[in-house]
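Have a look at the structure below before the remarks.
The values are calculated or read from the model by the stated rules, or taken from the named source; none is laboratory data. Source: prediction; values computed, not measured. All Cβ positions, even for glycine, are placed from backbone atoms using ideal geometry, and neighbour counts span all protein chains on display.
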Ligand SMILES: Cc1cc2nc3c(=O)[nH]c(=O)nc-3n(C[C@H](O)[C@H](O)[C@H](O)COP(=O)(O)OP(=O)(O)OC[C@H]3O[C@@H](n4cnc5c(N)ncnc54)[C@H](O)[C@@H]3O)c2cc1C
Ligand code: SF4
Ligand code: SF4
Ligand code: FES
């Protein structure tokens, strides 16, 4: 039954940044939802407030983990949940990153802002299976150093490279400033033999994909996660359309060969 | 999901019901516990409503239709089904405007229990389903129950519904089912199909069953074997109707036309007229889009999820925290038309338009889907001709 939320108990809620928190959930009763794959999303219901799509940001030990940025009524209510409280969960929904089909290839993970959340379980999976893939490069863009997610984990992701750039920073920032694509020069990958996973604001996705195409990564090996308004996640409400795609069903992860012509049309 | 189909004419040869036979049909369906919904005249329109008897059918009423115009008018005969689509469609019953999906309670310990809404057992009989509207029902079936996730409440209402189709003998000026391949003759999917015949030999219906349960109902009605005159007359009337369509679509692959037209200039022209009121989407028998409402009672410990129809013309439809995706009327009209005629194929493997004409009739500014499609086709031809001229 994918239309009715299943109660999950909040077992953890920690701050990532001033407006973003990571919430951990375990099923209340005996029944749990089917396992989520990296790139898939859940519909999270804050009691009496509403329901929103949120990607899975971690899957370890059967704990359903989400990183949520408070931007409106529902996301703020979800950031505010206390351990022990109940949250309604539906899912899993959507296409995943489909890591299996990238076996043996170099991997390029490019994230902008909260877009790092859906990429985290993908990176964790790659790191836990070191010989399954080629080189792992993780490129992270954030607004400011204070907006950086998962700070403690980044070091372990450099196989061989994990870089961070910010839009703006105070004088104490020793890292890079600028758009995320500027990090590409430090990454090591063989373009035609690389699979890229990109999530972030749409302008960032387009700019990143353009640069990757330019460097010779084939469009079908650039996987992007797209965002549209979603109400049902079951293909029934019509809200998540992007031309021929129902993004709750055919997405959110889409090959750039399909996404590019659609994103090129204004207001599609 | 639908009842078992039997070959027509197998255990239920076509037969003839006299005028009173429809009365017996309504009585029989009601006696079987069904809520009979059919056309009836109310407030100056032929609406769909529960019928207690066949006397409530719109005998002797026709409709006068044009883009932006609807009026009922007296006919010179007493035909019951000589009117085309009214303001509602069967989706008002199968996919109602507002439904509760579940409710939830929060206990003193903060624990939440969620109860799925048990779909009320319904047992509809729809009397007077037009061939185009039967296709519209089948299109909504694909959307609501044909994919990975099924809408159980829809399924419940749909599988319980007994469909009495009536072939079209009186198309409206806004009809184009022939272009869309959906009418005016019956296509499979009905329980019973009727063709209304009115001539010097009297008012009668050629009837045949499409399912075992249809055949069973038919056997319980006063009827006589179909005679050649009635058969011929019925066939000729439906054929004549096919030749009297008020509208056409351009005779091209509409899906390809839409895919090619995303940057057409015509969208600016229609956007200058469209009020983005969404009437077309409410009237359309296939439009399925909905939004959700989460409500709580005064205690704050009882919450409900409601789903209600929403229109892709609403500015909020594409709301994202950073602003809506489709803000211009141009992009919203384009979304509607390209979805109906084009991308619906990609999503659900069928057209989203059946040619019923409701969207033109109920548009306050008379925007005509067929006229827009013809204009886009013309623009595509001009574009191609222009392209050729530029070539060496
Ligand atoms: C597939 C997918 C995965 C996502 N993953 C994450 C994630 O991991 N972390 C995170 O912080 N954010 C994620 N988002 C974005 C998040 O869903 C929105 O920030 C959130 O819906 C905003 O709702 P709100 O009520 O807080 O804000 P408001 O802007 O006030 O939204 C009002 C209402 O509009 C609807 N709505 C608004 N934005 C969206 C949206 N993007 N998608 C669907 N419905 C919307 C909801 O019904 C919402 O209640 C994801 C979005 C999608 C589509
Ligand atoms: S788009 Fe218009 S003509 Fe086509 S099915 Fe909908 S209401 Fe009828
Ligand atoms: S086409 Fe007509 S009915 Fe549809 S939204 Fe525009 S003005 Fe309203
Ligand atoms: S979110 Fe409702 S159709 Fe995709």
request  = Would you point out which residue out of B:272, B:259 is within 16 Å of ligand 3 (Cβ to nearest atom), more than 22 Å from the chain's Cα centre (by Cα), more than 25 Å from residue A:53 (Cβ to Cβ) and surrounded by fewer than 20 Cβ atoms within 10 Å (Cβ to Cβ)?
outcome  = B:272
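Give region A:66-88 a look and list any residue that's on the phi < 0 side of the Ramachandran plot and either away from ligand 1 (no atom under 12 Å from the Cβ) or in contact with a helix residue (DSSP H, G or I) (Cβ under 8 Å, 6 or more places away or on another chain) (or both), or say none.
A:66, A:67, A:68, A:69, A:70, A:81, A:82, A:83, A:85, A:86, A:87, A:88
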ask   = Taking the condition part of a helix (DSSP H, G or I), away from ligand 4 (no atom under 16 Å from the Cβ) and in contact with a helix residue (DSSP H, G or I) (Cβ under 9 Å, 6 or more places away or on another chain), does residue B:370 pass?
value = yes
message = Can you say whether residue A:50 is more than 27 Å from residue A:182 (Cα to Cα), touching a strand residue (DSSP E or B) at 6+ places or on another chain (Cβ under 7 Å) and more than 13 Å from ligand 1 (Cβ to nearest atom), as far as the supplied structure shows?
response = no
request  = Could you tell me which numbered condition residue B:230 fails, if it satisfies all but one of (1) assigned to a loop (DSSP other than H, G, I, E, B); (2) out of contact with any helix residue (DSSP H, G or I) (no Cβ under 9 Å at 6 or more places or on another chain)?
outcome  = (1)
query = Can you spot a residue in region B:80-87 that is farther than 20 Å from residue B:39 by Cα and either away from ligand 1 (no atom under 16 Å from the Cβ) or touching a strand residue (DSSP E or B) at 6+ places or on another chain (Cβ under 7 Å) (or both)?
reply = no
inquiry  = Take the residues in region B:108-126 that are free of Cβ contacts under 8 Å to residues at least 12 places away in the same chain and over 26 Å from the mean Cα position of the chain (by Cα); name whichever of them is surrounded by the fewest Cβ atoms within 10 Å (Cβ to Cβ).
reply    = B:108
query = Looking at residue B:352, is it modelled with pLDDT under 95 and either more than 24 Å from residue B:256 (Cα to Cα) or within 16 Å of ligand 4 (Cβ to nearest atom) (or both)?
reply = no
query = Do we have residue B:300 as more than 20 Å from residue A:246 (Cα to Cα) and either crowded, with 16+ Cβ neighbours inside 10 Å or away from chain A (no Cβ under 11 Å) (or both) here?
reply = no
ask   = Right, residue A:262: within 14 Å of chain B (Cβ to nearest Cβ), over 16 Å from the mean Cα position of the chain (by Cα) and under 24 Å from residue B:261 (Cα atoms) or not?
value = yes
ask   = Which condition breaks for residue A:184 when tested against (1) within 11 Å of another protein chain (Cβ to nearest Cβ); (2) within 17 Å of residue A:105 (Cβ to Cβ)?
value = (1)
ask   = Just for region B:89-107: of the residues that are within 9 Å of chain A (Cβ to nearest Cβ) and either under 34 Å from the mean Cα position of the chain (by Cα) or loosely packed, with under 15 Cβ neighbours inside 10 Å (or both), which one is farthest from residue B:154 (Cα to Cα)?
value = B:104
query = Are any residues in region B:62-84 surrounded by 21 or more Cβ atoms within 10 Å (Cβ to Cβ) and more than 12 Å from residue B:172 (Cβ to Cβ), and if so, which ones?
reply = B:80, B:81
note = Given (1) more than 7 Å from chain A (Cβ to nearest Cβ); (2) surrounded by fewer than 20 Cβ atoms within 10 Å (Cβ to Cβ), residue B:294 misses just (1)
message = Here is a list: A:200, A:251, A:238. Which entry is within 14 Å of another protein chain (Cβ to nearest Cβ), surrounded by 23 or more Cβ atoms within 10 Å (Cβ to Cβ) and within 16 Å of ligand 3 (Cβ to nearest atom)?
response = A:238
message = Can you tell me which residue is nearest to the other protein chains (Cβ to nearest Cβ) among those in region A:213-224 that are assigned to a helix (DSSP H, G or I) and in contact (Cβ under 8 Å) with a residue 40 or more places away in the chain?
response = A:219
task = Determine if region B:77-88 includes at least one residue that is within 11 Å of chain A (Cβ to nearest Cβ), in contact (Cβ under 8 Å) with a residue 24 or more places away in the chain and assigned to a loop (DSSP other than H, G, I, E, B).
result = no
message = Quick test of your reading of the structure: residue B:313 fulfils all but one of (1) within 25 Å of the chain's Cα centre (by Cα); (2) surrounded by 13 or more Cβ atoms within 10 Å (Cβ to Cβ); (3) away from ligand 2 (no atom under 16 Å from the Cβ); (4) under 24 Å from residue A:52 (Cβ atoms). Name the failing condition by number.
response = (3)
query = Do you know which residues across region A:18-40 are more than 14 Å from every other protein chain (Cβ to nearest Cβ), touching a strand residue (DSSP E or B) at 6+ places or on another chain (Cβ under 8 Å), under 18 Å from residue A:118 (Cα atoms) and in a loop (DSSP other than H, G, I, E, B)?
reply = A:35, A:36, A:37, A:39
ask   = Condition test on residue B:235, is it within 11 Å of another protein chain (Cβ to nearest Cβ), surrounded by fewer than 21 Cβ atoms within 10 Å (Cβ to Cβ) and more than 21 Å from residue A:245 (Cβ to Cβ)?
value = no
task = Among what's in region B:323-349 and is more than 9 Å from chain A (Cβ to nearest Cβ) and not in a helix (DSSP H, G or I), pick the residue that is farthest from residue B:277 (Cα to Cα).
result = B:349
Close pairs from region A:225-246: first under 13 Å from residue B:312 (Cα atoms) and not assigned by TED's automatic domain parsing to the domain that holds residue A:257, partner more than 7 Å from ligand 1 (Cβ to nearest atom) and part of a loop (DSSP other than H, G, I, E, B), Cβ under 8 Å, at least 6 apart = none
ask   = So is residue A:232 modelled with pLDDT of 95 or more and in contact with a strand residue (DSSP E or B) (Cβ under 7 Å, 6 or more places away or on another chain) or not?
value = no
message = Need the failing condition index for residue A:140 against (1) within 14 Å of chain B (Cβ to nearest Cβ); (2) buried (at least 19 other Cβ atoms within 10 Å of the Cβ), just the number.
response = (1)
message = Show me the helices (runs of 4 or more DSSP H) found entirely inside region B:127-209 where at least 1 residues are within 14 Å of chain A (Cβ to nearest Cβ), away from ligand 1 (no atom under 16 Å from the Cβ) and surrounded by fewer than 24 Cβ atoms within 10 Å (Cβ to Cβ).
response = B:131-145, B:152-159
request  = Check residue B:110 against each of (1) within 14 Å of chain A (Cβ to nearest Cβ); (2) on the phi < 0 side of the Ramachandran plot and name the one condition it does not meet.
outcome  = (2)
